[in-house]
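A short write-up of the structure that comes next.
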Amino acid sequence: MIPYGKQDVSQADIDAVVEVLRSDFLTQGPKVPEFERKVAQHVGAKHGVAVNSATSALHIACKALGLGKGDWLWTTPITFVASANCGLYCGAQVDFVDIDPHTYNLSPKALESKLKKARLENRLPKVLVAVHLCGQPCDMEAIHRLSQQYGFRIIEDASHAIGGKYQGEFIGNGRYSDITVFSFHPVKIVTTAEGGMALTNDDELASRMDLLRSHGVTRDQNLMTHEPDGPWYYQQVELGFNYRMTELQAALGISQMDRLDTFVARRHELARRYDELLAGLPITTPWQHPDSYSGFHLYVIRLQLDVITKTHRQVFESLREQGIAVNVHYIPVHTQPYYQRMGFRQEEFPEAMRYYTEAVSLPLYQALGYGEQDIVVAKLREVLHDGN
Ligand SMILES: *Cc1c(COP(=O)(O)O)cnc(C)c1O
């Protein structure tokens with residue numbers, strides 16, 4: 001079976017983790033801050049706050065921005081459920097904005113018309129989660145302009161996009177957002193097994209997220225309500241969580257970060273190769289906006305179902321039967337039963353629904369060989385032409 005994604009773990013990665021196992025700290029030691037500095041420096045952000053998942057990072061990002069009961073969080077329906085759930089964790093309500101048919105990212109045009117309507121109904125969002133689907137950045141300049149006009153805050157869910165660039169600058173530098181979140185799940189570009197990070201240039205937001213990831217407890221006298229009772233003293237000043245990353249995870253992340261640029265370059269090489277090899281087939285290959293240098297977490301094709309004699313499901317199943325572990329990213333979040341119970345109608349987001357009926361993620365990961373990629377292409381060609 002050729003998987004759709006797979007981690008790339010080197011001997012240096014293994015050695016780095018083993019070294020931590022032999023050290024004094026398995027958690028709350030020097031590796032986590034070192035990892036935070038390394039990622040923040042690489043992407044050009046002032047602060048990095050490492051946590052145990054991107055889901056946790058999204059949660060504390062929303063909380064740090066003050067999202068709560070009576071507020072709205074908006075995001076795209078074409079994402080993993082975590083991009084929306086973080087709003088519900090905070091007691092806020094969630095709504096969606098339809099996607100752009102070319103990039104499959106949240107459409108700034110759809111956003112603008114929804115904002116105009118929301119202003120009249122007095123239900124403007126407090127937070128927008130912009131998801132860089134497949135690693136291709138959203139139109140952040142347009143989204144940022146709308147945020148100034150309508151007064152909402154921006155979280156970039158860059159779970160797919162570490163190492164990618166927007167307008168020539170690394171995603172995560174925060175030029176057009178308040179907080180950017182990365183995921184280090186093994187299918188993503190860089191892994192810490194489980195893990196995530198929230199990046200920001202705002203000292204206040206960084207300090208709030210730092211508190212929230214560790215019980216809301218501080219040893220910093222400046223954050224306390226009175227002088228410490230003694231050298232043992234700490235204070236809980238917020239209701240936080242245990243979202244800490246371990247030293248083992250951070251060591252793996254530090255070692256992986258050394259190869260980030262080569263990881264992304266390799267993904268681009270494979271994507272370019274897919275573009276060439278798939279030319280002429282009844283599918284749409286991923287269009288790339290000239291402002292973007294994708295992280296290329298995913299390579300998603302769309303089936304031209306009016307030309308193909310098979311259904312989306314038949315193509316998917318045939319490829320799986322032939323040992324190609326294709327996938328679909330994503331089932332529109334608003335169609336999930338949990339969200340359906342909130343009253344979303346499927347037809348509210350027609351571009352997202354159309355995308356869902358056509359999208360297939362082909363295998364893409366650093367270690368994918370040309371030979372394996374050729375097999376994927378040959379099988380796809382066979383499946384698409386078979387019966388035509
Ligand atoms: C993977 C993913 C997440 C969640 O990441 P975890 O680290 O597994 O919590 C959130 N958003 C998107 C878009 C993702 O792909």
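The values are calculated or read from the model by the stated rules, or taken from the named source; none is laboratory data. Since we're looking at a predicted model, the values are computed, not measured. We place every Cβ from the backbone using ideal geometry, glycine too, and count neighbours over all the protein chains shown. When the accessible area is computed, the model is the full protein with side chains, heavy atoms only, and any ligands, DNA or RNA have been set aside. Shrake-Rupley method; radii C 1.70, N 1.55, O 1.52, S 1.80 Å.
In the list ALA50, ALA45, which residue meets the criterion of being in contact with an Asp or Glu (Cβ under 6 Å, 6 or more places away or on another chain), within 26 Å of GLU169 (Cβ to Cβ) and assigned by TED's automatic domain parsing to the domain that holds LEU212?
Of the residues listed, the single one that is in contact with an Asp or Glu (Cβ under 6 Å, 6 or more places away or on another chain), within 26 Å of GLU169 (Cβ to Cβ) and assigned by TED's automatic domain parsing to the domain that holds LEU212 is ALA50.
Residues checked against (1) under 19 Å from ALA161 (Cβ atoms); (2) not assigned by TED's automatic domain parsing to the domain that holds ARG302:
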{"residue": "TYR234", "(1), (2)": "no, yes"}
{"residue": "LEU239", "(1), (2)": "no, yes"}
{"residue": "ARG244", "(1), (2)": "no, yes"}
{"residue": "ALA251", "(1), (2)": "no, yes"}
{"residue": "GLU269", "(1), (2)": "yes, no"}
{"residue": "GLU276", "(1), (2)": "no, no"}
{"residue": "LEU281", "(1), (2)": "no, no"}
{"residue": "HIS289", "(1), (2)": "yes, no"}
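For region 209-243, how many residues meet the condition of being open to solvent by less than 70 Å² (accessible area, probe 1.4 Å), under 29 Å from GLN41 (Cβ atoms), of a type in the set (S, T, N, Q) and out of contact with any helix residue (DSSP H, G or I) (no Cβ under 7 Å at 6 or more places or on another chain)?
The qualifying residues number 1.
Of the residues ALA142, ALA158, ALA206, which is in contact with a Pro (Cβ under 9 Å, 6 or more places away or on another chain) and either away from the ligand (no atom under 15 Å from the Cβ) or open to solvent by 20 Å² or more (accessible area, probe 1.4 Å) (or both)?
None of the other options fit; the residue is ALA142.
When you check ASP275 against the structure, is it among the charged types (D, E, K, R) and either within 21 Å of the chain's Cα centre (by Cα) or closer than 29 Å to PHE35 by Cβ (or both), yes or no? Before the answer, list the steps.
Working: among the charged types (D, E, K, R): yes; either within 21 Å of the chain's Cα centre (by Cα) or closer than 29 Å to PHE35 by Cβ (or both): no.
No, not satisfied.
Residues to consider are GLN336, GLN340, GLN346, GLN322; find the one that is within 21 Å of the chain's Cα centre (by Cα) and open to solvent by 40 Å² or more (accessible area, probe 1.4 Å).
GLN336
Within region 96-119, take every residue that is charged (D, E, K, R) and within 18 Å of the chain's Cα centre (by Cα) and give me the one that is least open to solvent (accessible area, probe 1.4 Å).
So, considering only residues that are charged (D, E, K, R) and within 18 Å of the chain's Cα centre (by Cα), the one least open to solvent (accessible area, probe 1.4 Å) is ASP98.
Anything in region 305-339 that is in contact with a strand residue (DSSP E or B) (Cβ under 7 Å, 6 or more places away or on another chain) and free of Cβ contacts under 8 Å to residues at least 40 places away in the same chain? List them, or say none.
VAL328
Mind counting the residues in region 169-192 that are of a type outside the set (Val, Ile, Thr) and within 12 Å of the ligand (Cβ to nearest atom)?
Final tally of qualifying residues: 6.
Pull up region 61-78, narrow it to residues that are within 12 Å of the ligand (Cβ to nearest atom) and either at positive phi or among the aliphatic types (A, V, I, L, M) (or both), then point me to the one that is surrounded by the most Cβ atoms within 10 Å (Cβ to Cβ).
Only one residue fits best here, namely ALA61.
Search region 244-283 for residues being over 30 Å from GLN11 (Cβ atoms) and touching a residue at least 24 places away in the same chain (Cβ under 8 Å), and hand back the single one that is surrounded by the fewest Cβ atoms within 10 Å (Cβ to Cβ).
So the residue we want is PRO282.
Residues that are open to solvent by 10 Å² or more (accessible area, probe 1.4 Å), out of contact with any Cys (no Cβ under 7 Å at 6 or more places or on another chain) and more than 22 Å from GLN249 (Cα to Cα): does region 179-195 have at least one?
no
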